[in-house]
Amino acid sequence: MLLKNYWNKIKSSETIVVKVGTSTLSYPNGKLNFQRIDNLAGVLTGLQKKGKKIILVSSGAIAVGAGKLGLSSKPTDLAEKQALAAVGQADLMKVYQKLFESRNQLVAQVLLTRDIVTVSERRNNASNTLEALMQMNVIPLINENDTVATDEIVFGDNDTLSAYVASLVKADLLILMSDIDGLYSADPKVDPAATIIPLITELNGTLEKTARGSNSNFGTGGMITKISAARVCREAGIPVSITNGANPEILNEIIAGKPTGTLFYWSKKTVGTKIV
């Protein structure tokens, strides 16, 4: 009953940030999964037309760049990764623009670096721009500005970026779409008895012990980065849903309040507090 009550509250979400990972957007070789992206564009357009304010944080630029150049894995050299991002981001935006505009939905590219968190003027500018776009009924498509990011201004993964974006626009919900169904009690590839944790209301060190890094050749995240994103959202009191992005239609189920994957929902006593 407790789980159902929390999911019922999700129904009233109006401003929703959706993060989609590289493994959801592309095949293992880095080639884009056009059918899945097309489905995603259709679902998000439908939600926007129903009055929801949608922001999409999209990974995939480096993977697309690598695929276009015939590479089988992501390089470790920073300059090479930034070059791949420059190649891939252009193609990725072309795909998104074509698929959304075929549905009469305008989109806008917004590239961010971590100084939207640390520099108040940049934070205000980013917030005002995103708010203006949403008021214009335009869906912002956000990615980290990989081509210029350095150690001082890098997010490093789009799970964390999406959490800060959600906080920036005071979103009602953050949805992290991945290649697994949710946060498991143990690594399901190792422990056949592992089960999905359907509801988390508190964060502690035990959760990190169940999380592992990304197994994707191109992804930068994994469950650890999703827990980190949840920490950011907890301070702002924003619920977080982790779900499998293989079928974008699941977004409709989440927003309809159907229990899916893992839901982080914070009690009032923990909102605004930090965990070391």
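Tabulated values for the structure
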{"read-out": "So residue 206, is it at pLDDT below 80, outside any loop (DSSP other than H, G, I, E, B) and among the hydroxyl-bearing types (Ser, Thr, Tyr)", "value": "yes"}
{"read-out": "Candidates 82, 105, 48, 89 - the one that is buried (at least 17 other Cβ atoms within 10 Å of the Cβ) and either at positive phi or assigned to a loop (DSSP other than H, G, I, E, B) (or both)", "value": "105"}
{"read-out": "Given (1) in a helix (DSSP H, G or I); (2) buried (at least 16 other Cβ atoms within 10 Å of the Cβ), number of the condition residue 71 does not satisfy", "value": "(1)"}
{"read-out": "Residue in the stretch 26-35 that is surrounded by the fewest Cβ atoms within 10 Å (Cβ to Cβ), counting only those that are at pLDDT 90 or above and under 17 Å from residue 93 (Cβ atoms)", "value": "34"}
{"read-out": "Scope the stretch 232-245; condition farther than 14 Å from residue 10 by Cβ, of a type outside the set (S, T, N, Q) and under 14 Å from the mean Cα position of the chain (by Cα); matching residues", "value": "232, 245"}
{"read-out": "Search result, residues across the stretch 216-237 that are surrounded by 23 or more Cβ atoms within 10 Å (Cβ to Cβ), touching an Asp or Glu at 6+ places or on another chain (Cβ under 7 Å) and either modelled with pLDDT of 90 or more or assigned to a helix (DSSP H, G or I) (or both)", "value": "225, 226, 229"}
{"read-out": "Pair list, Cβ under 6 Å, 6 or more apart: the stretch 121-141 residue over 10 Å from residue 169 (Cα atoms) and in contact (Cβ under 8 Å) with a residue 24 or more places away in the chain, other residue hydrophobic (A, V, I, L, M, F, W, C) and assigned to a loop (DSSP other than H, G, I, E, B)", "value": "138/106"}
{"read-out": "Top-ranked residue of the stretch 55-72 - restricted to ones that are under 17 Å from residue 157 (Cα atoms) and of a type in the set (S, T, N, Q), ranked as modelled with the highest pLDDT", "value": "58"}
{"read-out": "Residue match in the stretch 67-77 (condition: without any contact (Cβ under 8 Å) to a residue 24 or more places away in the chain, within 30 Å of residue 11 (Cα to Cα) and of a type outside the set (Ser, Thr, Tyr))", "value": "no"}
{"read-out": "Filter pass, residue 139 being within 18 Å of the chain's Cα centre (by Cα) and over 17 Å from residue 22 (Cβ atoms)", "value": "yes"}
{"read-out": "Unmet criterion (only one of (1) surrounded by fewer than 24 Cβ atoms within 10 Å (Cβ to Cβ); (2) in contact with a Pro (Cβ under 6 Å, 6 or more places away or on another chain)) for residue 40", "value": "(1)"}
{"read-out": "From 162, 167, residue being at pLDDT 95 or above and within 11 Å of the chain's Cα centre (by Cα)", "value": "162"}
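The values are calculated or read from the model by the stated rules, or taken from the named source; none is laboratory data. Computed from a predicted structure; not experimentally measured. Cβ coordinates were reconstructed from backbone atoms using ideal geometry, including for glycine residues, and neighbour counts include every protein chain displayed.
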